[in-house]
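Read-outs: derived from the displayed coordinates by stated rules, not from any lab. Just so you know, these numbers come straight off a predicted model, no measurement behind them. For neighbour counting, all protein chains shown are included, and Cβ atoms are generated from backbone atoms with ideal geometry for every residue, glycine included.
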Amino acid sequence: MKKRIFRYLKHIIVTLLIVIPLFVIIGFLSGNTLKHSRNDLADNWNDEGPYVFFKNDSLLSINYIKGDRKNGFELETKTSKVDSSVDLKCYYPLDSTSFNFVANTNFEVPASIYSDSLKILAISDIESNYKTFRNFLINSAVIDQELNWTFGKNHLVLVGDFIDRSYFTTQVLWFIYKLEQDAKSKGGNVHYILGNHEIMNMQGDHSYSKSKYNHVASILGKKQFEFYDKNSFIGRWLKSKNTIELINGNLFVHGGISPKLENTELNIDELNQLIRENYYKPYFPKKNGEKTQELLTSSITSPYWYRGYFKNDLSQEEIDIGLNKFNAKAVIVGHTIQSKVNRTYNGKVIGIDVKHPQDYYEYFPTITSEGLLIKNGKYYRVFENGETEEMK
């Protein structure tokens, strides 16, 4: 009896020794990874900020968090006039770096259409990972090691979902703000196309936000939705942004363009304005609702939620409907994760949402970022080290 049990256990152990490594190998070949070595500095909130709010029509309240969980927290607060430029600093705890920038309250709605012969670099779905984003831009020669803009008059396009899921939303948003100002001073452009996660947070849905931000809101004496409301500097800045832009004949939108939008008579400026008017209005199906507004704000067909390119069996004709409406030769989208930056539908749909590494983890195998470069009418995968590969 004992020998039989021993043989049985031996077979189980041998089987497990074969099956488990096999599953691990299959998982790695399928693109899965193991996270390890979490960096606990992600929990360091000392010098977190700035959090900037309008106190009234004439004053800004600028707040930084000081302290830690063991010894307690306090706020460092100062005020500034609304009509003046303010020197601010943002700290990143994982490598003890910071960046300076100048904030002003002149929030201009960007153009929806751009036409020139300049280069375009696009990336999406960074999801609050500041170091990943920063290093990709350094390696792609958009900025230098000191974070100075080096991309000349070219276009950097950020195709939505730069917040949620990680610990560095504050750093990422202020970094984008800084990049905008720096690019503008050199004649370049940063295009921040809003995705569903930016709009979810503006509407008070923080389902994918780290609990850190609920605690930070408490320290500030606020609710989390106030980080993005109309009294928030960041909120007013985000409200000025577009969800659709046409740049050199390429349509940039976080989710995509549903063929159901074919019959809408609004042009791209009007579509952006209608969607912008609904940034702070959570969607729900409305009985006898206005059809165009429903299409542009729903969680299925809106440009910042649509997944039809990858989830539906669309025909080439249906793809062309959306492109022809905007006189576009291709559409570049994030939102739906891809194994790599790729072109489908005769090269007219380009998916650039890849699995970026989270700042505070090490991975095995290593995860690397990707983006898209458009240069001289050609499309290139851009790798984390800055190398490129043309996509036919």
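Our coupling estimate for segment 193-206, obtained by passing each phi through the Karplus curve with A = 6.51, B = -1.76, C = 1.60 and θ = phi - 60°, is 8, 6, x, 4, 6, 4, 6, 4, 5, 5, 8, x, 9, 10 Hz, Gly and Pro reported as x. Modelled label positions at Asn148 and Met391, each set 7 Å beyond Cα in the direction of Cβ, lie 3.3 nm from each other. Segment 35-113 and segment 135-150 have their alpha-carbon centroids 22 Å apart. Please work out the Cα center distance from segment 214-276 to segment 278-298, rounded to the nearest Å. Cα centres, segment 214-276 to segment 278-298: 14 Å. Please report the spacing between the Cα centers of segment 176-209 and segment 320-382 in Å, no decimals. Cα centroid to Cα centroid, the span is 18 Å. Were the residues from Ser240 through Glu277 laid out at 0.36 nm apart, the gain over their Cα-Cα distance would be 12.3 nm.
Between their Cα atoms, which of Lys241/Lys325; Lys81/Lys223; Lys131/Lys241; Lys223/Lys311; Lys153/Lys311 are more than 32 Å away from each other? Can you show the working numbers first?
Numbers: Lys241/Lys325 21 Å; Lys81/Lys223 24 Å; Lys131/Lys241 24 Å; Lys223/Lys311 36 Å; Lys153/Lys311 36 Å.
Correct reply: Lys223/Lys311; Lys153/Lys311.
Looking at the chain alone, DSSP beta bridges between its own residues are antiparallel in about 75 percent of cases. From most to least packed by mean Cβ count within 10 Å, the peptides 53-59, 133-139, 210-216, 383-389 give 133-139, 210-216, 383-389, 53-59.
In this label model, Asn71 and Ser117 are separated by 6.0 nm, measuring between points 7 Å along each Cα→Cβ vector. Rounded to the nearest 0.05, the FRET efficiency derived from the C-beta distance between Glu290 and Asn267 at R0 = 22 Å is 0.80.
Would you mind classifying segment 160-218 by shape? Square roots of the alpha carbon gyration tensor eigenvalues, ordered a ≥ b ≥ c; an a/c under 1.5 is rounded, otherwise it is prolate if a/b is larger than b/c and oblate if not. Intermediate results must be reported in sequence, preceding the final value.
On the way: a/c = 3.15, a/b = 1.93, b/c = 1.63.
Here segment 160-218 falls in the prolate category.
Quick check for me: using +1 on Lys/Arg Cβ and -1 on Asp/Glu Cβ, what's the dipole size of segment 147-250 about its Cα centre, in debye to the nearest 20? Could you put the intermediate results ahead of the total?
Working: 13 positive and 9 negative charges, 53 e Å.
The dipole magnitude comes to about 260 debye.
Toward the positive end of the charge dipole of the chain, with +1 on the Cβ of Lys and Arg and -1 on the Cβ of Asp and Glu, the farthest Cα among Val82, Ile126, Ser207 is that of Ser207. Of the Cα atoms belonging to the chain, the radius of gyration and Dmax stand at 23.1, 88 Å.
For the chain, return all DSSP H helices satisfying: extent of Cα atoms along own axis at least 27 Å; mean Kyte-Doolittle hydropathy at least -1.0. Can you show the working numbers first?
Details: long enough: 2-29 (40 Å, 1.56).
Membrane-span-like by this criterion, though nothing is claimed about a membrane: 2-29.
Charging the Cβ of each Asp and Glu at -1 and of each Lys and Arg at +1, and nothing else, the dipole of segment 104-391 about its Cα centre rounds to 400 debye.
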